[in-house]
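The values are calculated or read from the model by the stated rules, or taken from the named source; none is laboratory data. A quick note: this is a predicted structure, and the numbers were derived from the prediction, not measured. All Cβ positions, glycine included, derive from the backbone under ideal geometry; neighbour counts span all protein chains shown. Each accessible area value is taken on the protein alone, full model and side chains, heavy atoms only, with ligands, DNA and RNA left out. Shrake-Rupley method; radii C 1.70, N 1.55, O 1.52, S 1.80 Å.
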Amino acid sequence: MAKDDLHSQILKTLQQRTGWEEKYRLFNEMRHDGVRRLRKPWPWASDSHFPLADTTIGKFKPFYFQQVVGRELLADFTPLDNKYQTMAGMAAAWFSYRMRKKSNFKREILIEIDHFCQSALGFLKIRWDQEKRRVHFEAVDALHIIMPTWTEDIQECDWFVQVIEMSVAAYKRNKLYNQDPDFIKTITGGLNEADKTNLEDEKLAREGFTHSSREDQIIVWERFERNQEDEWVIRTYSPKNLQTPIRNDIILPYKHKQLPFVAFEFEVKDRALYSGRGVPETLAMEEAYLNKLMNEKGDAMTISNRPMFTGQTPMNTQNIKFIPGQLLAGDIRAITMPAPPIDYDK
C-alpha cells in the first residue's frame, strides 16, 4: 500500500475523540473498580466504593434480554401474496429456532447489552460463517470501532474501522491472512523506528489501536470504505505495516449493500452517535455522593474506635501499647471528639 491518506485521516479522528475515550475510561473505572479518594486524611482511611452504576446495569440487563428472547418468535414475516401466509409463519418459526439454537446470538446479545448500558454505544457484528454454515454474531465494544465523529447513521458514514486484537496463535489459525513469518514479525508487538515512520507522526501512535504493548499480540484493522460504485470494500491490514496487506481486498458480498454492523444506543440526545450517555455517566453524581457517605461513616468509626490522646508528662510513645485494662503511667487523657449525627442522611 502506498501513502494512505485515509489511514492518516483515521489516525487524526482517533486524536479528535480522546475526550470521549477519557470519559469512557473514567466511567469504566467507576463501574468496575470505583474511583478512589484523591486525598486520604490518613493512610488507612476508608476508601469504599458503592457500586450504584454496576447494580443498576445488573437490573437493566435481564429486562433488555427478555425484550429480545422473551418473545415466542424473534421476527415476523409478511408475504407479498396472502396465499403464502402459512409459509411466512413457518419461516418465522424456523428463523427463531436457527438464531436461538444454532448460533451464538443469545450469548453475544448479553455482552452487547452490557456494552451499550456501560458506554451508551455498542455494536453487533453479523456475518455468515461459511465453515459452520450459520450466522455468526460478535459484540464489539465501541472503543474498538473508529468512525467519523459526526456520524449519525453508520450505514451512511464515509468509512468505518474495526480494531481487532488477537494473539499470534489466533492470527496463524486464520488461513485467509498472510502467513509469511517475516511479515508476521513486522506486525507483532510494539513500535519500532520503521513503525514511527509509517505513522508519520509519533504523537499519532496509540497503544491498543496502532500497536500493542504485548509482544505476542497483533493489531488488525478491518477498514470498510466505499468505491466508485458505492460498494463497501474491506481492506484488512496492520497499522504497523501499511505496505503489505494482511489479506486481499474484498467487496462486501451481501446483497443488502450495508455494513455488517448494527449500532445500539442507550440514549439519543443529539445527532452524533458519540453524544449519548451510559448508565455510569447518568449516575456519576449519586454514586460519588454514596461513596463519600460510606467513607465519612468509615472515618467516623475509625476516629471513635481509635481515639487520640494527650498528656502533660513527657514520655516515649513508642513504648506504649494500648491494651484494654492496661494501667498507663503519667497524665494521659483521650481527646473527646464531637459525636457524629445518628443519621448522616438527616
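Look at region 282-301: where a residue is under 21 Å from residue 55 (Cα atoms) and a partner is surrounded by 14 or more Cβ atoms within 10 Å (Cβ to Cβ) and among the aliphatic types (A, V, I, L, M), sitting 6+ places away or on another chain with Cβ atoms under 7 Å, you get 283/52; 283/53; 284/30; 286/52; 287/30; 287/52; 287/53; 290/52.
Annotation for region 235-242: at least one member residue is of a type in the set (Lys, Arg), assigned to a loop (DSSP other than H, G, I, E, B), open to solvent by less than 40 Å² (accessible area, probe 1.4 Å) and modelled with pLDDT under 90. Only one of the numbered conditions (1) assigned to a helix (DSSP H, G or I); (2) closer than 17 Å to residue 125 by Cβ is not met by residue 274, and that is (2).
Here are 23, 59, 12: which of them is in a helix (DSSP H, G or I), touching a residue at least 24 places away in the same chain (Cβ under 8 Å) and open to solvent by 80 Å² or more (accessible area, probe 1.4 Å)? Among 23, 59, 12, only 12 is in a helix (DSSP H, G or I), touching a residue at least 24 places away in the same chain (Cβ under 8 Å) and open to solvent by 80 Å² or more (accessible area, probe 1.4 Å).
Residues in region 98-154 that are open to solvent by 50 Å² or more (accessible area, probe 1.4 Å), polar (S, T, N, Q) and within 20 Å of residue 61 (Cα to Cα): 0 in all. Touching a residue at least 60 places away in the same chain (Cβ under 8 Å) and open to solvent by 40 Å² or more (accessible area, probe 1.4 Å): does that describe residue 68? It is false that residue 68 is touching a residue at least 60 places away in the same chain (Cβ under 8 Å) and open to solvent by 40 Å² or more (accessible area, probe 1.4 Å).
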